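What follows is one structure encoded as structure tokens, with my remarks underneath.
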Amino acid sequence: MAQKPSIPKGTRDFSPVETAKRNYIFDTVKSVFRKFGYQPIETPAMENLSTLLGKYGEEGDKLLFRILNSGDFLKKVTDEDCKKRDINKIALAISEKGLRYDLTVPFARFVVQHRNDISFPFKRYQIQPVWRADRPQKGRYREFYQCDVDVVGSDSLLNEVELIRIIDDVFRKLNVNVVIKLNNRKILSGIAQLIGEEERLTDITVAIDKLDKIGIENVYAELREKGLSEEAINNIEPFINLKGNNSEKLSCLKDLLGVTPDGNKGIEELETVLKYLKNLDLKAEVEIDQSLARGLNYYTGAIIEVKAQDVSIGSICGGGRYDNLTGIFGLPGVSGVGVSFGADRIYDVMTELNLFPKEVATSSKVLLVNFGENEAVHSLKVLNELQKNGISAELYPDNAKMKKQMKYADQKKIPFVILIGEKEMEEKKYTLKNMETGEQSRLSIEEILNFL
RNA sequence: GUGGUUGUAGCUCAGUUGGUUAGAGCACUGGAUUGUGGUUCCAGGGGUCGUGGGUUCGAGUCCCAUCUACCACCCCA
């Protein structure tokens, strides 16, 4: 033990208490997914790099964890490559697998590969860790869990509506107040069309996306920097300054964008989704946010992002519609829409707002104190009886001092202790102690079972 | 990947212009209490001062590098 052991940057251990809380989130999310008819799948932690590369943009490629080939991983590398320090070429030669970066791309691969076994529309959920070689920060880890729900093989906007209902249900159950922000990629491309800068769509959306973070002036500055003309920027202005409630925003957008085919379609889609939502009793606020873009460039329709109220931690859930994700794997014409819950961030939000129910951290309900070998034999029978009746119970394994055993129960927050010594064995009446109130009474096993 | 802040006991932190053997609280272990925890009292264990170099007669303290956590950018859950 010369050196303290450690874990890689941006990864974490979870204690029993933390794990219990995390499972509370996973269980809640899962129960909602199931309720809406989604089925679980799992995919491998690693994928072929050919599956992963190029799907998340240039930035995403950099953030992929790559797995070194086994054996002589240098066999495809020439001395010349090394001399030239051709990093990209060498990287491809020594590594052909990578850790998954999200769950959507592996899912697309899954759909294409198993297309003959799947009946569409296919509704699946997937809860697994993903890895990104990002620089860690608060709420930002290199290993974290995503809880994805997607439906592929259906163009209906009812799917978007369903996802919003799922989001509302999950956060209602978790007691987190959220705002669901909505936009449509087609509106963004409509804007680009309108100002005649269609090929700059990405630059424009990336800049607009930062609106609430860096302010209007800085957005303009960034657009200028990207080479947009003053005229174009002036034309964007009305969109950036869009204010009011959802219907006001919609009618403004209609006036401004109605002439562009994409813009028109996007507005129509948004309108339809909102119309469906109108009659539903959602707890979460649903808000059109024309500046919402989201980086992943495979989105083509609805864009959804969820932010927690009262905590600033970035988005805790996000997603959208992607019309042709499976196309890159050779299966065109399959549209999908899905969202991803960031379990780790939800955990941080709930911790900060103290939203975990007390009873989440569960251990045994009863501890049987160990008084020695003979007593332990008798205690085992009682223990078995308790467990047979569904009561989680444990017998202290060593004949340790009473103080130590009581302290153990106290620290593990075990609410009841049963003492079985000589007297108790004779009478078959055991001392049951309530650790919270300190009360204790002599009870038969039947009485104990009834009481607990 | 770029720039900044940080690190002393398991945890939270003191530690003087560089100067003997690095401290406190909490936690832990034992005792007061041989069948009673959470309160109290007493005692005890625990540190290569993140790591590696350097300056100095002398470094927890100053300099450099590196790692970690955090912050901003980039990007994102």
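Numbers below:
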| item | result |
| --- | --- |
| Within the range A:298-315, tally of residues that are of a type in the set (Lys, Arg) and part of a loop (DSSP other than H, G, I, E, B) | 0 |
| Flag for A:Asp13 being out of contact with any strand residue (DSSP E or B) (no Cβ under 7 Å at 6 or more places or on another chain) and either more than 27 Å from A:Phe356 (Cβ to Cβ) or more than 16 Å from RNA strand B (Cβ to nearest atom) (or both) | no |
| Filter result for A:Lys123 (within 14 Å of RNA strand B (Cβ to nearest atom), outside any helix (DSSP H, G or I) and either touching a residue at least 12 places away in the same chain (Cβ under 8 Å) or open to solvent by 10 Å² or more (accessible area, probe 1.4 Å) (or both)) | no |
| Number of the condition not met by A:Lys243 [criteria: (1) touching a residue at least 12 places away in the same chain (Cβ under 8 Å); (2) farther than 24 Å from A:Gly319 by Cβ; (3) of a type in the set (Lys, Arg)] | (1) |
| Single match in A:Ile448, A:Ile346 (criterion: open to solvent by less than 20 Å² (accessible area, probe 1.4 Å), in a helix (DSSP H, G or I) and touching a helix residue (DSSP H, G or I) at 6+ places or on another chain (Cβ under 6 Å)) | A:Ile346 |
| Some residue of the range A:396-412 being over 20 Å from A:Glu447 (Cβ atoms), in contact with a strand residue (DSSP E or B) (Cβ under 6 Å, 6 or more places away or on another chain), modelled with pLDDT under 95 and surrounded by 13 or more Cβ atoms within 10 Å (Cβ to Cβ) | yes |
| Matching residues in the range A:126-155 - criterion: being more than 6 Å from RNA strand B (Cβ to nearest atom) and acidic (Asp, Glu) | A:Glu143, A:Asp148, A:Asp150, A:Asp155 |
| The range A:356-391 - residue that is more than 16 Å from RNA strand B (Cβ to nearest atom), free of Cβ contacts under 8 Å to residues at least 40 places away in the same chain and more than 18 Å from A:Ser444 (Cβ to Cβ) and, of those, farthest from the chain's Cα centre (by Cα) | A:Gly390 |
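A quick yes/no check of all residues on (1) at pLDDT below 90; (2) more than 28 Å from A:Tyr56 (Cα to Cα):
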site: A:Gly215; (1), (2): yes, no
site: A:Ser229; (1), (2): yes, yes
site: A:Leu256; (1), (2): yes, yes
site: A:Glu271; (1), (2): no, yes
site: A:Asn279; (1), (2): yes, yes
site: A:Leu292; (1), (2): yes, no
site: A:Leu296; (1), (2): yes, no
site: A:Glu305; (1), (2): no, no
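The values are calculated or read from the model by the stated rules, or taken from the named source; none is laboratory data. Bear in mind that the values here come from a model prediction, so they are computed numbers and not experimental data. As a convention, Cβ positions derive from the backbone with ideal geometry for all residues, glycine included, and neighbour counts pool all protein chains shown. We work out accessible area using only protein heavy atoms, side chains counted, and drop any ligands, DNA or RNA first. Shrake-Rupley method; radii C 1.70, N 1.55, O 1.52, S 1.80 Å.
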